[in-house]
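The values are calculated or read from the model by the stated rules, or taken from the named source; none is laboratory data. Predicted, not measured: the structure shown is a model, and the values here were computed from it. So basically every Cβ, Gly included, is an ideal-geometry build from the backbone, and we count neighbours across all protein chains shown. In case anyone asks, the SASA skips ligands and DNA or RNA and just uses the protein heavy atoms, side chains included. Shrake-Rupley method; radii C 1.70, N 1.55, O 1.52, S 1.80 Å.
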Amino acid sequence: MTALVDKFANQLDWNLLRTFMVIVQERSITLAAHRLSVTQPSVSAALRRLEERLDRRLIERGGAASFQPTAAGEVLYRHCADIYRLVTALPDALDAAHSAVQGIVTLHLSGHVHWPELPALIAAYRQEYPLVRFRIKRGTCGDILSLLAQKNAALGVVSASDARPTLSRAPLFEQDMLHYAAAGAPSGELRGAPVIGYEDEQTGAPLAALAVHRIRCGLEGATVAEGLDCDAVAALVRAGAGIGALPRRYAEADPALAALPLEPVTLPVYLVRHEQAGASRADQSFLQFLASRLPAASTPRAASD
């Protein structure tokens, strides 16, 4: 902005612009004065000062009391109307700022899920909603689905479908699970190698596919320990306590882990929520944000589909 334009903006009186806007709308000095609750000479003086300030004739006097705006007056009137709309919108804008989205978004993540993009997504979301805080809780798929069904949780990230029609799920990504042993461990017979499992691997549980896969591959070792999440399972595997399944993206760069020559088990990962539970404004805004960044997350389906 040049110094001349800046000076013009600073010296221009909004009251003069508002008076001019009312004159054009009323097409009368007398009616404008009545609407503004001021005297007719005050309105006439305001119009005169504005014309002098802008060095433009703004009104063509067409009669004793009737007025028509000039071409310059028409342009000025449109700008005055825009300014007036902005000014009258200020109370609502301030109220909206006062009631900005805030609260806590609690994400219940199944222990086997490795979602490396989540921290960046949260950071980007908080650029738009800085008053929202996050809690990340780990649990089993079964426990998380139960919390959701009981309306004790709003958002869950799991690898399980559920027959309850009140739960809906949206696909997030697919996760390859590979089996690992400690790097440098003796490469003996794998058939009887002890197993480090997850709490959800028992028959009928959401991660039973991992146990079934080991059986199909001829791995018959007993489960000697169970972990709630990837970190717990990986720590036991690194220590040589047994073999265990870990997300490929979690373990592939870890030099202390060696992948076994088995095919991966691909597990779908879903964002699950209760259809009838009242989501907070923070939860709703985060869901909308995820839908804009992860298109698949915007198409929830019944959890039993």
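Things worth noting here:
- Applying the criterion of being modelled with pLDDT under 90 and open to solvent by 40 Å² or more (accessible area, probe 1.4 Å) to the residues of the stretch 189-205, the residue that is farthest from residue 112 (Cα to Cα) is 189.
- Output for the stretch 233-251, where each listed residue is within 23 Å of residue 158 (Cβ to Cβ) and either part of a loop (DSSP other than H, G, I, E, B) or touching a strand residue (DSSP E or B) at 6+ places or on another chain (Cβ under 7 Å) (or both): 233, 234, 236, 237, 244, 245, 246, 247, 248, 251
- In the stretch 217-232, the residue that is most open to solvent (accessible area, probe 1.4 Å) out of those that are without any contact (Cβ under 8 Å) to a residue 60 or more places away in the chain and not in a strand (DSSP E or B) is 220.
- Among residues of the stretch 177-205 that are free of Cβ contacts under 8 Å to residues at least 60 places away in the same chain and of a type outside the set (Gly, Ala, Ser), those with a Cβ under 8 angstrom from a residue that is exposed (fewer than 14 other Cβ atoms within 10 Å of the Cβ) and part of a loop (DSSP other than H, G, I, E, B), sequence gap 6+ or separate chain, pair up as 191/218; 191/220; 194/222; 195/222.
- Answer residue from the stretch 1-28, given it is outside any helix (DSSP H, G or I) and open to solvent by 20 Å² or more (accessible area, probe 1.4 Å) and is modelled with the highest pLDDT among those: 27
- Matching residues, the stretch 244-256, being at pLDDT 95 or above and of a type in the set (A, V, I, L, M): 245, 246, 251, 256
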